[in-house]
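For reference, the structure discussed in these notes is given below.
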Amino acid sequence: MTTKDNVLIFDTTLRDGEQSAGIGLTLDEKMEIARQLERLGVDIIEAGFAASSPGDFEAVCAIAKEVRTPTIASLARCVPGDIDDAWEAIKGADKPRIHTFISSSDSHLMDLLRKNPEEVLDQAVSSVERARNLCDNVEFSPMDATRTDIEYLYRMLEACINAGATTVNIPDTVGYALPTEFAERIRLIKENVPNIDKAIISVHCHNDLGNAAPNSIAAVIEGARQVEGCINGLGERAGNASLEEVIMTIETRGDALGVTTNIDTRQIYRTSRLVSDITGFPVQPNKAIVGANAFRHASGIHQDGVIKSRTTFEIMDPHTVGWPSSSLVLGKLSGLSEVTRVYGK
Ligand SMILES: [Zn+2]
């Protein structure tokens, strides 16, 4: 039997998730979520963006000191002050990581940074070097990578890996990519960045067109070995890839994908509820994996099937994600056999 490759799960509920318009978490709330993410078994927790506010700095510090099993990351722009703040906040962790990012697309270079590509490349390299002098574990992200000139992207990734990046993240920052295009981009990066084998390829997909989880899985098929996302698909605008969807796709279709994760899937339901309760963002009833209807059967034909054998209409056992059980909902579509089962003859 061949062993399956491991896909690292990078949770950014406390950073990108907290960026969701309308969410603001206290230190205690962040700690509670971080402890549950540790029980869930995520590999990396992005605990915040230390330089962005004193509150973020304090939260990253506290999580780094207390949550021991996962790697604890702080986000940092490619500027010295951000990188130094990130390190100050995470240095108490058993496994600290600095995650530094800079824009790389023409649109961002011209309209956002107003710098030329060579200046930005130099800034990326010197920032990765600075981060690597402080911390052995450095992730680099070229922001808006899916709309970046691909030759420039190859050069930037190669230079940042040479400068010491141990993970290179390919963000679909604006949620624009199609699964086929995103897969192709990952494949081309593997073929054209000469030192790519010295870093883990990560992906960070946004859900503006509803493709965040499919894009993440398409990238895994091409060799990405870290997926970033949020519980319940929280995140900037329409959110990030829903980690529960990515995890259960790998769990359920692992034979087709040839990969696995370190996640304790039985903690998924509890994690989803906790994040929903704390953030005040409800989970839509028809949400995959964690929605109230995800394991509810309403049609009589489906109910009859599930009574006879669960697998007729269920591809996952609800217990594997920590649901109490699947349920049949008596309604206008239920047949006599379901009514008899519930109420007796
Ligand atoms: Zn993002």
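At-a-glance table
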item: The range 17-47 residues near the modelled residue 53 label - backbone nitrogen below 16 Å, point 7 Å along Cα→Cβ; result: 17-31, 47
item: D_trans [Stokes-Einstein, Kirkwood Rh over alpha-carbon pairs] for the range 52-103, 25 °C, 0.890 mPa s, µm² s⁻¹; result: 228 µm²/s
item: Helical mean residue ellipticity (222 nm; -39500 (n - 2.57) per DSSP H run of 4+; nearest 500) of the chain; result: -12000 deg cm²/dmol
item: Rough spin-label spacing in nm, given labels placed 7 Å along Cα→Cβ, for residue 94 and residue 329; result: 4.2 nm
item: Computed E for residue 253/residue 6 - FRET, C-beta separation, R0 22 angstrom, nearest 0.05; result: 0.90
item: Relative contact order computed over the chain (Cα-Cα under 8 Å; 6+ residues apart), in percent; result: 16 percent
item: 4 °C / 1.567 mPa s Stokes-Einstein diffusion coefficient of the range 136-191, Kirkwood radius on C-alpha pairs, µm²/s; result: 111 µm²/s
item: The range 67-91 and the range 279-329: distance between their alpha carbon centers, rounded to Å; result: 40 Å
item: Simple label model, 7 Å out from Cα along Cβ direction - residue 260 to residue 209, nm; result: 3.5 nm
item: At most 10 other Cβ within 10 Å, DSSP loop - trypsin sites (Lys or Arg not before Pro), the range 40-144; result: 114
item: DSSP-loop trypsin sites (Lys or Arg not before Pro) across the range 1-42, with at most 13 other Cβ within 10 angstrom; result: none
item: Quarter of the Cα convex hull surface for the range 196-310, i.e. its orientation-mean projected area (nm²); result: 9.0 nm²
item: For the range 1-92, size of Cβ-based charge dipole, Lys and Arg +1, Asp and Glu -1, in debye; result: 280 debye
item: Residue-count net charge about residue 35 - beta-carbon cut-off 13 Å; Lys, Arg +1, Asp, Glu -1; result: -1
item: Rg(Cα) / (2.2 N^0.38 Å) computed for the range 72-159, rounded to two decimals; result: 1.08
item: Contour minus Cα-Cα distance for residue 276 and residue 320 (0.36 nm per residue); result: 13.9 nm
item: Restricting the range 242-345 to GluC sites (Glu not before Pro) in coil, as DSSP defines it, with at most 16 other Cβ within 10 Å; result: 314
item: Radius of gyration and maximum dimension Dmax of the range 8-154, Cα, Å; result: 15.4, 45
item: Distance histogram in 20 Å bins (all Cα pairs of the chain, percent per bin); result: 30, 54, 14, 2
item: Simple spin-label estimate for residue 192 and residue 126 in nanometres, 7 Å along Cα-Cβ; result: 2.8 nm
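Rule-based calculations on the coordinates, nothing more; no lab input. Keep in mind that this is a model prediction, so the values were computed, not measured. Reconstructed Cβ throughout: ideal geometry from the backbone, glycine too, with neighbour counts over all protein chains shown.
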